[in-house]
Each structure stands twice: as C-alpha cells, then as structure tokens.
1. Of A:VAL213, A:VAL205, A:VAL220, which residue is surrounded by 22 or more Cβ atoms within 10 Å (Cβ to Cβ) and either polar (S, T, N, Q) or touching a Ser or Thr at 6+ places or on another chain (Cβ under 6 Å) (or both)?
2. Taking the conditions exactly as written (over 23 Å from the mean Cα position of the chain (by Cα) and closer than 26 Å to B:HIS116 by Cβ), does B:GLY298 satisfy them or not?
3. Do we have A:ASN312 as surrounded by fewer than 20 Cβ atoms within 10 Å (Cβ to Cβ) and of a type in the set (S, T, N, Q) here?
4. Go through segment B:206-219 and count every residue that is at pLDDT below 75, more than 7 Å from chain A (Cβ to nearest Cβ) and buried (at least 16 other Cβ atoms within 10 Å of the Cβ).
5. Could you say whether any residue in segment A:177-184 is within 14 Å of another protein chain (Cβ to nearest Cβ), in contact with a Gly (Cβ under 7 Å, 6 or more places away or on another chain) and either free of Cβ contacts under 8 Å to residues at least 24 places away in the same chain or crowded, with 21+ Cβ neighbours inside 10 Å (or both)?
6. Residues that are out of contact with any helix residue (DSSP H, G or I) (no Cβ under 6 Å at 6 or more places or on another chain), at pLDDT 75 or above and assigned to a loop (DSSP other than H, G, I, E, B): does segment B:192-205 have at least one?
7. Return the only residue of A:ALA252, A:ALA243 being in contact with a Pro (Cβ under 7 Å, 6 or more places away or on another chain) and assigned to a helix (DSSP H, G or I).
8. Conditions first: (1) small (Gly, Ala, Ser); (2) away from every other protein chain (no Cβ under 14 Å); (3) touching a residue at least 60 places away in the same chain (Cβ under 8 Å). A:ALA170 passes all but one, so which condition is the exception?
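The values are calculated or read from the model by the stated rules, or taken from the named source; none is laboratory data. Model, not experiment: these values are computed from the prediction. Please note: Cβ atoms are built from the backbone with ideal geometry, for glycine as well, and neighbour counts cover all protein chains shown.
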Amino acid sequence: MRFDTVSFWLFFVVAWSAWRFLPLRGAKLATLALSLFFYAWWRPEYLGLLGFSALVDYFAAARIHASSSRRVRNTWLAAALTLNLGLLAFFKYTPLVLQTIGLDGGGGETAPSWLADWVVPVGISFYTFQTMSYTLDVHARRLAPCGSFLDFLLYVAFFPQLVAGPIVRAREFLPQLDHRRPLTWQRVQVGLYECICGLGLKMVVADGLAPHVDSAFHAVRSGALSPTAAWFAAIGFGAQIFADFAGYSGIAIGVARLMGFTMPANFRAPYMSRSLSEFWTRWHMTLSRWLRDYLYIGLGGNRRGPLRTYANLLITMLLGGLWHGASWTYVAWGALHGVGLAIERLSGLDRRKSGRRDPVPGVGDFTLRLGRIAVVFVFVHVGWVFFRAPTFGVATTLLERMFVAPFQGSLGLEFIARSPHLFLLLPVIALHAGQAAHEWYGLEKSAARRVVVAVAWIVLIALHDRGASTPFLYFQF
Amino acid sequence: MKSFIQRLLGPVWPRAESRARSTNTPRTRAHRGFWLGPGPIGLTVTIAASLLLGWRVVADPDAPSTYWKFDPAVERNVDFPWSKSVMSIYGNADADSVLVVGDSRTSSAVSLRVLHREGIADVGVLWGALAQVRHLLRAARELPPRRLVVCLSPASLNSPQLPRLVHMLELERRLSPMQRIDRRLDDELDVLRQRLLRPVEINSWLRGRTAEDVQPRRQEGLYDGLLRPENRPALDERLAELQVELAAMRKEGWTIACVRLPAEIGVEVVENKAFARAKFARMCADLDVPFLDLFGGGYATTDGSHLLGADADRASTHIARWLRGLPGFESR
C-alpha cells in the first residue's frame with residue numbers, strides 16, 4: 001500500500017482507531033494484523049518471508065541471550081546473519097550475479113521468463129536491517145531480548161516504517177509498546193504537519209519532476225542534451241530523490257506520531273552540508289547510523305590506524321551502495337562516496353561537520369560556508385548521476401555534457417526559459433533555506449511557521465494536477 | 001585581518017537567537033492555549049479553505065488559456081476489466097451517452113465542458129496515444145450499443161505502436177485487483193477535486209502564460225515517419241476493414257458519426273500526401289454515416305497535432321453544433 005493513495009488513508013483511519021481505542025493487548029494484535037494486511041495488499045506471497053526473517057532473529061537472539069559461552073553466542077549470531085544476508089542476497093542480487101557471469105541468457109528480451117519477472121520482495125532491505133540490528137544489539141548486550149514474539153513481529157512489521165524505513169532500532173521501538181502514550185494537541189499538530197509536508201514533497205515535487213528527469217536521462221543516449229539540460233538532469237534527480245524519500249519518511253514519521261509513536265528523523269536538509277561526512281548525518285540518517293554502528297565500527301572504525309580507517313570507509317560505502325540495488329552503478333556511487341569520505345578525512349576537511357549554531361562572524365565566513373556547500377553539492381550530484389543512470393555509458397556521457405561540453409560550445413541557457421518545471425525545485429530550495437535560517441541564525445520552527453508551510457502545501461497539493469503518480473523510488477531498494 | 005573585516009562589514013545577518021521568540025514558548029495563557037491546542041490546525045484549515053475558495057472564484061471555467069483547456073474532463077474513469085484491451089472511458093460511460101473514440105488528438109480537441117455547454121450533455125471519451133481505431137472499436141463493442149463518434153486520422157488506421165506504449169499497456173495488464181482498487185479510489189478523489197477546485201497542471205499553465213513551448217512543427221517528423229511510403233498500402237486495407245466493422249456495428253444498433261479532427265498545416269500536408277483526404281468522406285458516404293471534416297480550418301496546435309486550449313474550444317463548439325443537428329444525437 002502506498003502513502004499517496006486514498007486506500008492508505010482509509011486504512012489509516014482504521015489502524016489509528018484500533019491502536020488508540022482497543023485495550024493494549026488487543027490494540028497490538030490489531031495493529032500487527034493490519035500491518036501485515038498493509039504489506040500484503042499488493043503482493044501477499046512475501047508475507048511468509050517477513051515472518052520467517054522475524055522468527056529467525058527472535059529465536060537466535062533468545063539463544064544468544066541465554067548462553068554465556070562466547071562460542072555458542074557467536075555461532076547463533078553467525079547463523080542469524082547468514083540467513084538474513086543470504087535471503088537478502090538471493091532475492092536482491094541473483095539477477096546481478098547471473099548477469100555478471102553471463103548466465104542471464106543474453107539479458108533483455110532473450111532472458112528466461114523467470115529472470116525477466118524476478119521481483120524483489122518489497123521492503124526486504126529495510127526489515128532485514130531492522131531484524132539484524134536487534135540480534136546484533138542482543139549479542140553486544142546492549143539490549144535484552146524481547147519477551148513477546150507478538151511485540152517483536154510488530155516491531156518488524158509496523159506499517160509506517162515497514163516498506164521503506166526509517167530503519168528503527170528495537171531499543172527505540174519496543175519500549176513504546178509497553179504503554180500507549182497520551183496524544184497531545186501538539187503531537188497531533190506536528191504529526192499532521194509532517195504528513196502534509198511529506199505528501200507535498202512526493203505528490204507535487206517528486207511526481208512533478210519525475211517525467212522531466214526521465215526524459216532528460218533518455219535524451220543522454222541521443223546526445224541531444226545541452227550542458228544546462230545535463231545539469232538539470234543531475235540536479236533535478238537530486239531534488240526528485242530527496243523529495244520522494246524525505247516525503248515518504250516524513251509521512252511515515254508523521255503517521256507514527258499521530259498514533260503516539262516516536263521515530264528517528266531520516267533527513268535534515270542534506271544539500272546544505274559543508275562536508276561529505278556532514279552529508280551522511282543529514283541524508284538517510286537511519287541507514288547512515290546503521291552502517292556506522294554495525295559495519296564501520298564493526299570493521300574497526302578509526303581505531304586501527306589511518307590506512308585501515310580509509311579502507312573501512314571505502315568498504316562501508318561500497319556495501320552501502322550495493323544495499324541500494326543490484327547494479328554496478330550503485331557500487332560506483334558507493335565507491336565515489338567512500339573515496340570522497342577518505343579524502344576528506346585525510347585532508348581534515350571533515351572536522352567541522354556538526355554545523356549547528358556556528359557563529360556567523362562576517363562575509364568571509366559566510367562566503368566560505370557557501371563555497372563548501374557548493375563543492376559538496378556538486379560532488380553529491382555527480383554521485384547521483386551514477387545512481388540514476390542505467391549504465392556507465394549514460395553516466396559518463398552525462399558527466400561529459402556537464403563538465404566538458406560547456407567549454408566546447410553553447411551552454412544552452414534557453415533551456416531555462418523553456419522549462420517552467422524548474423519551479424518545482426523551489427520548494428526544495430525553500431526547505432533548505434528554512435533549515436539554514438534555523439541552524440545558522442536561530443530562527444525557531446514555530447507553530448505559526450508550520451501553519452504557513454502547511455497552508456502552502458495544502459494549496460499546492462489541491463490545485464496541482466500531477467498527472468500520473470509514480471511509485472516511491474525507495475520501494476525498489 | 002579577519003576581525004578587521006568583521007568590524008567593517010559586521011555580521012551578514014545579525015544572530016537571531018536573542019531576538020527570535022518562539023510561539024512554542026508563548027507569553028500569555030491565552031496565547032499558549034491557542035498555539036499548543038487545536039488552534040493551529042483550525043487556522044491552517046481556515047486559511048487553506050479560504051485560499052481554495054478564492055481560487056475557485058477566480059478560476060473561470062469558461063476561460064481557456066493559450067495552452068491548456070480548462071476542462072474538468074475526468075468525471076469518471078471506467079476500466080474495461082473484462083476486455084483484452086486495457087482502456088478507460090473519461091467522462092460518462094452510461095448507455096445513453098455519446099462515446100467518442102480516437103487517438104490523442106481526440107483528448108486534446110474534444111472538450112466535455114464545451115460539448116455540455118452546447119447541449120451534448122453526456123459524453124465519454126475513449127482514447128489512447130497513437131491508438132489504433134480498430135483496437136478502440138474492439139473495446140467499444142464490448143459495451144451495449146450507443147451513439148458513437150469516431151475520430152479518424154491516417155495514423156490511427158495503421159501505425160506501429162511505440163515501445164513505451166506497449167510497455168505501459170503491459171504494466172496495465174499486470175495490475176492486481178488491489179492495485180485496481182487503489183486506482184479507482186484515487187480516480188474518484190480526483191474527480192471530486194476536479195469538480196470542486198479546478199486544478200491545473202502547473203507546468204502547462206506556466207507554459208500557457210508564456211506560450212514559449214508552443215512548437216507547431218514538432219510532430220511533423222513523427223507523422224512523416226508513421227506514414228512513410230512502405231506503411232501506406234496497409235492504410236487502404238485498414239480503411240476497408242474499418243468500413244466493414246462500422247457497418248456491422250450499425251446493424252448491432254450503434255448510431256455512428258465520423259469526424260476528421262484538425263491539425264497544424266504542416267502535419268495536414270504530411271497526412272494528405274500519404275492518404276487522400278477524400279477517402280474518409282467516401283467511406284462515410286458509402287456507409288451513409290455523417291462525416292465532419294475539420295481539416296484545413298486554420299486551427300492552432302501546441303505541437304502540430306494537439307489543439308491549443310482556445311482552438312480546442314472552437315473545434316468542440318463546431319462538433320457539438322454539428323452533432324446536435326444529426327438524427328439520434330440530440331441531447332436526451
């Protein structure tokens with residue numbers, strides 16, 4: 001079920017009522033049943049996989065906790081991780097592996113029908129990471145195992161975060177099942193605000209940009225793309241994927257908040273980052289912290305010397321890229337970020353990464369700040385070219401149009417006059433400007449400001465005829 | 001040096017923390033009660049409703065812009081779940097309505113609003129981009145017989161389907177029953193929204209303001225390719241098949257009229273070169289079916305093939321007045 005459909009909001013009324021009004025145990029049962037219904041709405045056949053994955057981790061974590069033998073604990077952990085990663089690898093990477101070793105029958109139309117119809121179970125990357133984090137936390141004795149399989153399955157299958165995150169940790173979610181939180185007006189206000197902003201970002205910006213970005217990437221093959229149009233392709237996709245995923249996350253967090261749950265934020269104006277390491281504290285934050293805590297630190301982090309630190313960064317980002325999809329272009333995207341992070345650490349440019357409430361002494365500092373933002377922005381969007389391009393050929397051609405073609409001929413600035421859809425970038429710019437005003441100048445995110453923003457989104461959503469809606473991009477990951 | 005510049009220029013923007021007052025930390029109890037209670041929600045709803053009401057008043061449904069027609073066309077979207085063809089009727093699908101079939105020219109030229117204003121009240125439009133008229137009629141014949149307007153063009157007699165459209169049709173066929181429910185509910189909401197608010201496709205609306213994107217020759221190349229010499233012999237065969245099919249439909253109880261929708265002069269020249277203009281008129285005369293030829297009417301288009309908003313209204317007015325005079329097509 002998708003958040004931008006009428007069906008979902010009818011479903012949500014039922015789910016909200018069940019959670020708020022039934023006795024706690026009944027509410028948990030009803031919410032679990034409804035979450036499974038939510039997941040099964042389009043493809044019920046993968047429900048078993050979800051249940052199996054949850055059962056494996058629930059059982060393994062219980063065995064790990066019950067044993068004091070290091071060997072036994074490690075064996076159970078290895079078994080759980082192998083099973084989880086095995087399922088993920090099988091469903092997600094089989095086509096890529098077959099293609100790479102040339103066993104896909106030539107690919108395209110000549111591929112066998114079972115391979116052509118291969119479907120990755122929706123949300124498998126997200127719920128696998130959630131269940132793995134539970135087992136890893138129990139193994140590290142950061143968390144006591146959950147006493148109820150019902151609660152654990154609800155943690156895995158809770159519908160707001162099931163399909164595309166945020167990747168919530170068991171220790172954040174399970175205590176919220178102990179009792180129902182009171183629903184204050186302020187919580188309702190913020191929850192509704194998050195839902196409205198999320199819907200606006202998805203329905204107006206992401207769906208509005210999608211056909212233009214698609215046609216720009218298609219035009220790369222014909223070579224008929226001016227440098228300005230090439231830059232739009234990259235920046236447009238950056239705005240589209242941000243609006244799509246931040247929109248989805250915003251709705252998920254808002255919906256959960258309206259029910260009384262608190263979930264971690266997933267995005268915080270990522271394109272105003274002044275370093276790549278700061279970017280990763282603002283973009284898909286729940287995935288970043290998962291990779292940091294369970295992979296980067298697990299590999300040794302920065303405790304084993306500089307060379308090992310750079311290698312760990314590279315491995316983490318490579319695997320982070322591969323997590324996004326079964327294509328070598330995702331690996332290239334991850335590698336690019338890994339190398340960027342390593343260079344940044346080597347040069348010491350990552351030190352001022354928090355960026356919150358820094359003093360603003362004058363024009364010089366302000367210019368430097370904007371300059372660093374611009375450098376990171378360009379780097380990130382070069383990465384998006386690999387992320388979005390179907391092949392390396394398309395990516396390199398587009399990069400050539402962006403960086404080499406401007407010195408060889410016309411910039412094609414008339415593209416701007418012919419492209420009213422560029423106005424769709426404005427909400428993304430406004431959102432980042434608002435966050436900058438908050439972080440740099442201390443402007444409060446007041447209720448009055450929320451009213452203004454919500455009204456703007458409601459009017460845009462109501463009056464903007466978006467045409468065909470597109471699936472959330474992160475559903476495919 | 002840095003401190004000198006700082007003293008000289010001062011902060012870019014004085015730090016606001018000291019000045020900013022949060023409404024979340026209000027000064028009075030009444031103030032607090034408003035912002036921490038349901039007040040902001042009520043305020044949001046009130047302001048948004050007022051703005052939308054204002055838009056509703058300002059947006060004149062009878063004033064098409066240069067680019068788009070302000071047409072609340074999607075009144076209902078009826079799938080043909082029983083059909084092998086996956087198509088939808090926009091407008092009214094009732095048995096006593098007029099069904100208009102054709103390619104994308106039909107969707108841009110036929111304004112349900114104008115037809116309604118001119119007395120043809122209940123109309124449904126069944127169309128597809130580069131759709132073939134034989135496919136459209138196959139889908140239409142699964143409905144009970146009714147009044148039918150067939151929009152004719154050489155490309156809709158015989159042209160290869162674009163791979164992207166084939167892919168889209170394939171995706172449509174694969175929709176599960178649940179996805180169909182989702183789509184149906186979304187359509188119903190959209191219908192309500194169209195009726196209440198008159199939404200606009202903002203890109204088109206902005207284009208309409210500037211008319212920058214109107215390229216009357218854009219599709220000449222496309223039609224030149226679709227109607228290239230090797231495809232032409234099949235046009236006559238298809239025309240003969242169409243004649244047989246329309247004759248059969250009349251026997252089944254359909255009341256039929258045919259229209260040749262206009263295009264830009266360049267596209268009209270391409271079509272006339274590939275397919276003699278008189279052939280459609282001759283077929284209709286043979287069938288004793290009324291035929292309206294709007295070719296050569298000097299209509300303006302966005303891309304050579306699809307009419308601009310005001311010209312779409314002009315064409316729709318012409319069609320409506322013509323239909324009103326035909327036996328069986330008077331509004332019921």
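1. A:VAL220
2. Numbers: over 23 Å from the mean Cα position of the chain (by Cα): no; closer than 26 Å to B:HIS116 by Cβ: yes.
Against the criterion (over 23 Å from the mean Cα position of the chain (by Cα) and closer than 26 Å to B:HIS116 by Cβ), B:GLY298 does not qualify.
3. Against the criterion (surrounded by fewer than 20 Cβ atoms within 10 Å (Cβ to Cβ) and of a type in the set (S, T, N, Q)), A:ASN312 does not qualify.
4. Step one: of segment B:206-219, the residues at pLDDT below 75 are B:206-215.
Next cut, more than 7 Å from chain A (Cβ to nearest Cβ) only: B:208-211, B:214-215.
Those left that are additionally buried (at least 16 other Cβ atoms within 10 Å of the Cβ): B:208, B:214.
Matching residues across segment B:206-219 total 2.
5. no
6. Scanning segment B:192-205, I find no residue that is out of contact with any helix residue (DSSP H, G or I) (no Cβ under 6 Å at 6 or more places or on another chain), at pLDDT 75 or above and assigned to a loop (DSSP other than H, G, I, E, B), so the answer is no.
7. On the way: A:ALA243 fails: in contact with a Pro (Cβ under 7 Å, 6 or more places away or on another chain).
A:ALA252 is the lone residue from the list that is in contact with a Pro (Cβ under 7 Å, 6 or more places away or on another chain) and assigned to a helix (DSSP H, G or I).
8. Going through the list (1) small (Gly, Ala, Ser); (2) away from every other protein chain (no Cβ under 14 Å); (3) touching a residue at least 60 places away in the same chain (Cβ under 8 Å), A:ALA170 breaks only (3).
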